[in-house]
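First comes the structure, then the notes that go with it.
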Amino acid sequence: QVQLVESGGGLVQAGGSLRLSCAASGIIFSLSTAGWYRQVPGKQRELVATITSDGGTNYADSVEGRFTISRENALKQVYLQMNSLKPEDTAVYYCWSRWLSYNYWGQGTQVTVSS
């Protein structure tokens, strides 16, 4: 059974930082593409950042230069370091992984940035 479990969300003031972590199980994580999406009520889930099995990264324009995605295959973890947070970054953040043509999602973690 594939599981993605996020941690690290919370409340932070604008300009602050948070680090999200996602632990994967049930897949060969080192062969998967992984990433983070976010969603606010009433809006579609949007891509934040992705990282391929060989470390290639992709970021949404809105987070480029502020967020950094990384992975530790030995620990089956993917991370999202979020700096210079803005109130508009407030959302539920979801861990995502794609392996053998299937998409897997975590349960989400709330990030709230106060102004």
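The values are calculated or read from the model by the stated rules, or taken from the named source; none is laboratory data. Everything numeric in this text was worked out from a predicted model, so none of it was measured. FYI the Cβ positions are ideal-geometry reconstructions off the backbone, even for glycines, and counts take in every protein chain you see. These accessible areas exclude ligands, DNA and RNA; they are computed on the full protein's heavy atoms, side chains included. Shrake-Rupley method; radii C 1.70, N 1.55, O 1.52, S 1.80 Å.
Is the shape of the chain rounded, prolate or oblate, going by the alpha carbon gyration tensor and its root eigenvalues a ≥ b ≥ c, with a/c under 1.5 for rounded and a/b larger than b/c for prolate?
Numbers: a/c = 1.84, a/b = 1.66, b/c = 1.11.
Taking the square roots of the gyration eigenvalues as a ≥ b ≥ c, the chain is prolate.
Can you figure out the FRET efficiency of residue 68 with residue 102, using R₀ = 35 Å and their beta-carbon distance, to the nearest 0.05? Write down the numbers at each step before the final one.
Values: r = 26 Å, r/R0 = 0.75.
The calculated FRET efficiency here is 0.85.
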**OP:** Between the alpha-carbon centers of the stretch 91-111 and the stretch 35-76, tell me the distance in whole angstrom.
**Re:** 10 Å
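Hey, can you find the accessible area per residue of the stretch 22-113 for me, probe 1.4 Å, expressed in square angstrom?
Numbers: 4640 Å² over 92 residues.
Roughly 50 Å² per residue, with all protein chains present.
What FRET efficiency would be calculated for the residue pair residue 81, residue 115, taking the C-beta separation as r and a Förster radius of 22 Å, to the nearest 0.05?
Values: r = 21 Å, r/R0 = 0.97.
The calculated FRET efficiency here is 0.55.
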Original post:
What is the chain's relative contact order, in percent, from Cα pairs under 8 angstrom and six or more apart in sequence?
Top reply: 36 percent
